[in-house]
Every structure is written in structure tokens, then in C-alpha cells.
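Before any comments, here is the structure.
Here, each number is a calculation from the coordinates, and none is a lab measurement. Predicted, not measured: the structure shown is a model, and the values here were computed from it. Note: ideal-geometry Cβ built from the backbone for every residue, glycine included; neighbour counts use all protein chains shown.
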Amino acid sequence: VQDKGGATRVNTQTIITSVVVGLILFFLIRYLYNNWREVSTFNFTFRYSYLILSFPALFAFFFLRVYAWQAILKKMQITLPLNKCLKVSFLSMMAKYLPGKVWTVLGKVYLSDKEGVPKAEAFTSVVIEIVLEIVASIFFFFFFLFSLMEESLLSPNVLYLLGLILVGGFLFLHPRVFYKVINTLLSRFKKETIPEAIRYRDIIQLFFYYNGLVLMQGVAFYFFVNALCDVPLQNLVGLTASFAVAGALGTLSFFAPSGLGVREGVLALLLTTYIVSPVAVLISLLARIWVTLVEVGCAVCAWKL
């Protein structure tokens, strides 16, 4: 961006984002480097069959997540064919790697509009989708902690914050609250408001579906982890909860594109319950590459739809 004098003005938010994400990744990589001896002597399994299984399992998660978005649209009395939903969702996924969290939402709204979905309704559906994903991920994490009486490595303050977000998410998703907020925003931007088209009973049904999605993602992550080291099947729920809450905190970190750095840091911390710390850091970094490869594959497939 250039000002009137022709000098280049650098976006302050972009600088802060780059510095924060860069510092997080720097400390993770430095920790891995300083403890590389422990990594090099670790008894890795390298089971390629598990690695191969992890890719279709993760793709199945992304596919079912698109199906969930289509279900949200249907409950809002909007019909969009599944192939169009896949195209819109998979292509807009790439925007999350841009600085700022708005690009994924704006990209999905823009592409939805191209497919005939009104912008206000598309925006509403995307907000519902994001909030449901966050709430389901945090709920699964707390369910894991309380059902198995596990002690979390996250600080009490973080747990209190997650609890508040969980309660706030459920309240926000109540149609009376949700539509009032959405219509207030639409009115402020001089857009046409939308009528209440989704019931709280529908939201609860979708919430349980999203918990199933969290578990599906956890299965894929379990395959990925076991491709590198042996983690017993009894820890499947723990790995799922760790991956889910790390993703939720990454989404909530508005400064980090795609939660970059935040998700890896939280995941590495939680994985130390099952794996030695340096290897946990390595797996958290490799998991980012794994997820990105599948996301790019989804986008390439969507491009041809």
C-alpha cells in the first residue's frame, strides 16, 4: 500500500503477526535443535501403512465437514449441491493462510455468492460453522478430561478461558441471540437483515455431528502419530482431544494465520503426555505439513469441479 508521497506503508498488524508467529516457531525449532540428540536416539517405528491410512482419513474428515456445512444451509432453507459445497469450501480453505482470520470467511461468502447463495445467508452459515467447530472441539477436550479424570497440562487460566468460550458459544448459537447479533451487524453495514431460519434443536443436532467430526479428525491424527511412533489405541481419545483443542486455540488466535505457531505450541505441550517432549515438538511441526498437503490436495480437486 502506498501513501500520497509514494512511500510504502507497512501494515502494522502484518508486522506484529509475523513477529509473534516467527517467535513461536523459532522457539519450537530451537528447542527441537537443542534436544536433537534425544530425537535421534528415539525408537521411531516408521509404519508407512499408518501414514498412508492417515491421508484418506483426513480427507474424509474434510469431506464430512463440507457435508456438515451443506446441512447448515439446508436447515436455513438453502439448497446447494454437494459438488458446489465442496468447491466453495475447499477453495476458500486456502485463504486461511493469509494474515487475518477474515479472509476464509470473506472467501467462502464470495464463492458462495458466485454459486447463488445470498451473501447474508452465506455469512450466517459460515459463522455458525466456525462457532460449532470451536465449541465442539473444546467440549470434546473437556469431556476427555472429566470422563477419564485426566490432569491437563494447560494452565488453569487457559482452562477457565476455554470454559467461558464453551458456555459463551452455546449461548451465542441460540437463535434469539445469534440472529440479533447477525442482523445488528447487517444493519450497521446497511445490508438486508435475515429472518430466523434455524432452530436451537437444529443447532444441538449439528453440535453432536461436529463432535463426530472431531473424533474423525482424531482417528486420522492417530494414524499419523503411529506412523512415526507407537502410541497405544487406548490413547486415541487423548490424541483426539489434544489435536482438537490445539486447533480451537489456533482458530481463536486472531493474530496467527491458520493458527500457525499457536496450534503447534499447544499440540506439542499436550503430546508430552504420550511422547517425549522433543519428539512431540517434531510431530506437531510435521502435522502442520501433513494437514497442509491434504488441504492443497482438496483445493486441487475442487478446482476441477
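Can you give me the Cα centroid spacing of segment 109-141 and segment 186-209 in angstrom?
10
Taking every pair of alpha-carbon atoms in segment 171-214, give the share separated by more than 12 Å as a whole percent. Walk me through the intermediate numbers first.
Working: 600 of 946 pairs.
It works out to 63 percent of all Cα pairs.
Under the definition of Cα pairs under 8 Å and six or more residues apart, what whole-number percent is the relative contact order of segment 108-205?
On the way: 53 pairs, mean separation 25.8, N = 98.
With pairs under 8 Å counted, the relative contact order is 26 percent.
Figure the gain on full extension for residue 185 and residue 155 (residue separation times 0.36 nm, minus the Cα-Cα span) and round it to one decimal in nm.
On the way: separation 30, 0.36 × 30 = 10.80 nm, distance 3.45 nm.
Taking residue 185 through residue 155 to full extension adds about 7.3 nm, to one decimal.
Consider just the alpha-carbon atoms of the chain and return their Rg together with their Dmax, both in angstrom.
Looking at the chain, its Cα Rg and Dmax stand at 20.2, 64 Å.
List the longest stretch of the chain that has no exposed loop site; here a site is one of the trypsin sites (Lys or Arg not before Pro) assigned by DSSP to anything other than H, G, I, E or B, with at most 13 other Cβ within 10 Å.
Details: sites that count: 4, 9, 190, 199, 304.
Value returned for the longest uninterrupted segment is 10-189.
With +1 on the Cβ of every Lys and Arg and -1 on the Cβ of every Asp and Glu, and nothing else charged, how large is the dipole of segment 126-200 about its Cα centre, in debye rounded to the nearest 20? Present the calculation step by step, with values, prior to reporting the outcome.
Values: 6 positive and 6 negative charges, 111 e Å.
Once rounded to the nearest 20, the dipole reads 540 debye.
Would you be so kind as to identify which of 232, 193, 221 lies farthest towards the positive end of the dipole of segment 153-248, taking Lys and Arg as +1 and Asp and Glu as -1 on Cβ and the Cα centre as origin?
Among 232, 193, 221, the one farthest towards the positive end of the dipole of segment 153-248 is 193.
Report the charge-dipole magnitude of the chain in Debye, nearest 20, computed about the Cα centre from +1 at each Lys and Arg Cβ and -1 at each Asp and Glu Cβ. Display every interim value, and only then the final one.
On the way: 25 positive and 15 negative charges, 190 e Å.
Magnitude of the dipole: close to 920 debye.
Nearest 0.05, what FRET efficiency do residue 230 and residue 254 give at R0 = 45 Å with Cβ-Cβ as r? Don't jump to the answer; show the numbers that get you there.
Details: r = 37 Å, r/R0 = 0.82.
FRET efficiency, residue 230 to residue 254: 0.75.
At 20 angstrom or more along the helix axis (alpha-carbon based) and mean Kyte-Doolittle of 1.6 or higher, what helices does the chain contain? Whole DSSP H runs only. Intermediate results must be reported in sequence, preceding the final value.
Values: long enough: 12-34 (32 Å, 1.48); 48-75 (41 Å, 1.06); 119-147 (41 Å, 1.82); 156-172 (23 Å, 1.98); 200-228 (42 Å, 0.98); 236-252 (24 Å, 1.78); 277-303 (39 Å, 1.76).
Those that pass (Cα extent of 20 Å or more, hydropathy at least 1.6) are 119-147, 156-172, 236-252, 277-303.
With the contact rule set at Cα under 8 Å and sequence spacing of 6 or more, what percent relative contact order holds for the chain?
30
Using +1 on the beta carbon of Lys and Arg, -1 on that of Asp and Glu, and nothing else charged, what's the dipole of segment 21-89 about the Cα centre, debye to 20? Mind dumping the intermediate values first?
Working: 8 positive and 1 negative charges, 62 e Å.
Once rounded to the nearest 20, the dipole reads 300 debye.
Semi-axes of segment 224-296's equivalent ellipsoid from the Cα gyration tensor, sqrt of 5 times each eigenvalue, largest first, rounded to whole Å?
Details: eigenvalues 79, 35, 25 Å².
Output for segment 224-296: semi-axes of 20, 13, 11 Å.
Starting from the Cα gyration tensor of segment 128-263, multiply each eigenvalue by 5, take the square root, and state the resulting semi-axes largest first in whole Å. Before the final figure, lay out each step's value.
On the way: eigenvalues 194, 51, 43 Å².
So the equivalent ellipsoid measures 31, 16, 15 Å along its semi-axes.
Using the charge dipole of the chain (Lys, Arg: +1 at Cβ; Asp, Glu: -1 at Cβ; taken about the Cα centre), state which of 50, 303, 280 has its Cα farthest towards the positive end.
Final value for the positive-end residue is 303.
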